[in-house]
1. Can you tell me which residue is farthest from the chain's Cα centre (by Cα) among those in the stretch 102-117 that are free of Cβ contacts under 8 Å to residues at least 40 places away in the same chain and over 24 Å from residue 162 (Cβ atoms)?
2. Restrict the check to the stretch 141-163 and report whether at least one residue is outside the structural domain of residue 74 (by TED's automatic domain parsing), buried (at least 16 other Cβ atoms within 10 Å of the Cβ) and touching a Cys at 6+ places or on another chain (Cβ under 9 Å).
3. I'd like to know if the stretch 107-123 contains one or more residues that are in contact with a Leu (Cβ under 9 Å, 6 or more places away or on another chain), among the hydroxyl-bearing types (Ser, Thr, Tyr) and surrounded by 17 or more Cβ atoms within 10 Å (Cβ to Cβ).
4. Looking at 134, 125, 174, 181, which one is more than 22 Å from the chain's Cα centre (by Cα) and not assigned by TED's automatic domain parsing to the domain that holds residue 60?
5. List pairs: first in the stretch 69-89 and of a type in the set (S, T, N, Q), second at pLDDT 95 or above and buried (at least 22 other Cβ atoms within 10 Å of the Cβ), Cβ under 6 Å, 6+ apart or cross-chain?
6. Out of all the residues in the stretch 156-197, which are touching a strand residue (DSSP E or B) at 6+ places or on another chain (Cβ under 6 Å), closer than 20 Å to residue 117 by Cα and without any contact (Cβ under 8 Å) to a residue 60 or more places away in the chain?
7. When residues of the stretch 58-77 are filtered for being crowded, with 16+ Cβ neighbours inside 10 Å and among the acidic types (Asp, Glu), how many remain?
8. For residue 137, state whether it is surrounded by 17 or more Cβ atoms within 10 Å (Cβ to Cβ), in contact with a Cys (Cβ under 6 Å, 6 or more places away or on another chain), at pLDDT 90 or above and within 26 Å of residue 41 (Cα to Cα).
Amino acid sequence: MNKEIYQKAFLDNLELALGLTLQMTYQGTLAYAAMIKGVLKGDKVVVDGGEELEERGYGRREGGNLVLSLIEAAYLVDKGDLEVVSEDGAVLSFEELIRMAAINDSSFWVKLLVYSDLRYRGLRARPLESAFPAFLVEKKVREGEKRYLVLCLEEGARIGFKDVEAYLRRAMEARRELVFAIVDKEGNISYYRVEKVMGA
């Protein structure tokens, strides 16, 4: 048997036997990590335990479970850090999760783009329930922590002055900076900080 074929067969059998996910570390060595699993329940994903994800700033604790929003779950599935199953045990792919979430949330893809970009930049972000898609964001700095309220908008979308004023006031009351994340048709994101609104 060809050496490469033998090695692949060995690794495939080992992965199957141990029930582990085979991962390549950046050094090029092999490492095994148990796949974290979550169950889709309505508009959230419930993870039994989930301490590792919680330490990384994901989800909220409800008893012994960690509850993830669909945005968080989709992001983690795309990264390969989470496996989501339906309540009958069927594994859901990233694409299936996106399609299901978009049925009740037309802005889901825009929110996922912004959330993924914020995480890529090393920021912790938590989805916020509001009229417009938004995130509560924290960034570690030498002085402590910077806090933002990030509002997600598609390019060309309209937002009224009163809405901007209300979000700015909400951000100021929570000692956060208000930031607009504008997503264009190509999926590019531009960030604009709102410092003051006349009359606010």
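The values are calculated or read from the model by the stated rules, or taken from the named source; none is laboratory data. Keep in mind it's a predicted model, so treat the numbers as computed, not measured. With ideal geometry, Cβ positions are generated from the backbone for all residues, glycine too; neighbour counts draw on all protein chains shown.
1. 103
2. No: the stretch 141-163 contains no residue that is outside the structural domain of residue 74 (by TED's automatic domain parsing), buried (at least 16 other Cβ atoms within 10 Å of the Cβ) and touching a Cys at 6+ places or on another chain (Cβ under 9 Å).
3. Taking every residue of the stretch 107-123 in turn, none turns out to be in contact with a Leu (Cβ under 9 Å, 6 or more places away or on another chain), among the hydroxyl-bearing types (Ser, Thr, Tyr) and surrounded by 17 or more Cβ atoms within 10 Å (Cβ to Cβ).
4. Testing whether each residue is more than 22 Å from the chain's Cα centre (by Cα) and not assigned by TED's automatic domain parsing to the domain that holds residue 60 leaves just 174.
5. Pairs found: none.
6. Residues satisfying the conditions are 176, 177, 178, 179, 180, 182, 190, 191, 192, 193, 194.
7. Of all residues in the stretch 58-77, those crowded, with 16+ Cβ neighbours inside 10 Å come to 58-59, 65-77.
Those left that are additionally among the acidic types (Asp, Glu): 72.
Here the count works out to 1.
8. Answer is no for this residue.
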